[in-house]
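Everything below concerns the one structure shown next.
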Amino acid sequence: MLKFGLVTLGCDKNTVDSERYLADLVAHGAEPVQDLRDADVVVVNTCGFIDAAKAESIEAIVEAARLKDEGSCKAVFAIGCMVERHKDELLEALPEVDVFLGNSETDRLLPELVERGLIGGSLVEHPGVRLFSGDVAHVRYLKISEGCDHGCAFCAIPLMRGKHRSFALEELVREAQLLEAQGAREINLVAQDLAHYGRDRRDGNALPELLEALVRETSIPWIRNMYLYSTGITPRLLEVIAANPRIVRWLDTPMQHGSDAVLARMRRPERQKTIRERLARYREIVPDLAVRTSVIVGFPGETEDDFAILCDFLEEMQFDRVGVFTYSPQEGTRAWAMDDDVADSIKQERKEHIEELQRAITAERYERFLGRDARVLVERRGDAPDVWVARAPWQADDIDGLMHVTVPDALRSTRIVPGAFVDVQVDHVVDDYDFAATLRGVVDAPASATLVKPSRQLPLVGVNGGTAGSFGR
């Protein structure tokens, strides 16, 4: 029986892809292993989003290839985004890798293994569309489309993932039902732009219809929308979110900058005026909505005045959370031809300034939750015996902080497990991004719970080791 290890790098869309590869390999008789030193084959699902992600992918590939000398490894496969963009260079630079497959070639993974005699060609028993490969079994990701049609000057994702293609609504509902059967208590919808969903299929189904179908056809308690361009966040979509309590009141919509001049050079469709108007509309239609955004500092031509405008605009908009990236020129993009004229040291200074500015904004925004009751999702035990770690609806998995829930003496005998929903009183903000809370009671707990201790160490990250990095999220 073939033993294989799977290393997943990059964003949650890569996690979904890896879970599909995992299911296909198991269906053909392969056995996943946690420790890569025990693997006959190591598959590295790469990320090519920015230079740091590429460096991490190359390091993981090199570490995996060493196991051909130091472990039982017979072959190393490098697949995914970075390979799609840089296959020729990688073939020359890393001859120790046996197979390189870009995103457009990943249907070749099984045939390549069969041709090398590493795996049987016949189907044993298919476990379903996907097998779990994350940190906690109750939090899953559902990729609703692939690729991107937007023409942002800085972004290479269309070069790696191709044009936008939406998956059929009925297929997504079936996949969500599978995830629910596997223990999902929260599904996070992911794509390059969720709001673009359905436009290419022309079957009358867009994101609002998909959300309504997921609410109707599953019992998953939390459904979260991750990464929507503001141009596609329609009043209809907002009304669906407001009307369905199982769709959490949280949006991730990338702004990228606050200076109109920089936004124009980035080839972004928004300007300050439209961002301001849309954010006001979101908050009007969906009360208590948490809004996350992302920005890039150091884009070519960004002046001190542009940066000051960005800072002022963030203070005005009062986003709940902001992710900050330093600009990294990517070959093949429109910005590649621009002069990368902002020094790396200045990019880093601006990034740190935005992070400190937003830390204060977030802490102030979070004060509105203090003293309130909230229903939260339990993730794991805390460091103390009477503390559990959970997340509130306004806290997305892995990026938005945590809720540290203390169990009072009167409730010490209460059964709590990962994946349970509990009611708490929010007591205070911890370190600007986290919360401390007191348990009021358990609302809903699964009959059983799977808790996998996350590990980010390479090369010993196996199928249950989670993702190493979150580039492109």
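Do we find a residue being over 23 Å from the mean Cα position of the chain (by Cα), surrounded by fewer than 18 Cβ atoms within 10 Å (Cβ to Cβ), farther than 28 Å from Leu189 by Cα and among the hydrophobic types (A, V, I, L, M, F, W, C) anywhere in segment 47-62? Let's see the steps before the verdict.
Applying the first criterion (over 23 Å from the mean Cα position of the chain (by Cα)) to segment 47-62 yields 62.
Imposing the further condition that a residue be surrounded by fewer than 18 Cβ atoms within 10 Å (Cβ to Cβ) reduces the set to 62.
Of the ones still in play, those that are also farther than 28 Å from Leu189 by Cα are 62.
Narrowing further to those that are among the hydrophobic types (A, V, I, L, M, F, W, C): 62.
Within segment 47-62 (the criterion being over 23 Å from the mean Cα position of the chain (by Cα), surrounded by fewer than 18 Cβ atoms within 10 Å (Cβ to Cβ), farther than 28 Å from Leu189 by Cα and among the hydrophobic types (A, V, I, L, M, F, W, C)), the answer is yes, since at least one residue qualifies.
Here is a check on your reading of the model: is Val43 buried (at least 18 other Cβ atoms within 10 Å of the Cβ) and outside any helix (DSSP H, G or I)?
Details: buried (at least 18 other Cβ atoms within 10 Å of the Cβ): yes; outside any helix (DSSP H, G or I): yes.
So Val43 fits the description; yes.
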Cβ pairs under 8 Å, 6+ apart or interchain, first in segment 241-270 and farther than 19 Å from Trp222 by Cα and touching a residue at least 40 places away in the same chain (Cβ under 8 Å), second among the β-branched types (Val, Ile, Thr) and open to solvent by 50 Å² or more (accessible area, probe 1.4 Å), ordered by first then second residue, are Gly258/Ile309; Ser259/Ile309; Pro269/Thr231; Glu270/Thr231
Condition set part of a loop (DSSP other than H, G, I, E, B) and open to solvent by less than 10 Å² (accessible area, probe 1.4 Å), scope segment 168-192, selection nearest to Ala390 (Cα to Cα): answer is Ala184
Within segment 331-349, residues more than 17 Å from Ile157 (Cα to Cα) and of a type outside the set (Gly, Ala, Ser) come out as Met338, Asp339, Asp340, Asp341, Val342, Asp344, Ile346, Lys347, Gln348, Glu349
Checklist entry - Does segment 149-157 contain any residue that is β-branched (Val, Ile, Thr), under 30 Å from Gly298 (Cβ atoms), open to solvent by 10 Å² or more (accessible area, probe 1.4 Å) and in a helix (DSSP H, G or I)? => result yes
Exception for Met317 within (1) open to solvent by 30 Å² or more (accessible area, probe 1.4 Å); (2) modelled with pLDDT of 95 or more; (3) under 22 Å from Ala363 (Cα atoms) falls at (1)
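The values are calculated or read from the model by the stated rules, or taken from the named source; none is laboratory data. Small disclaimer: the values here were computed from a predicted structure and weren't measured. Neighbour counts run over all protein chains shown; Cβ positions are idealised from the backbone, glycine included. Each accessible area value is taken on the protein alone, full model and side chains, heavy atoms only, with ligands, DNA and RNA left out. Shrake-Rupley method; radii C 1.70, N 1.55, O 1.52, S 1.80 Å.
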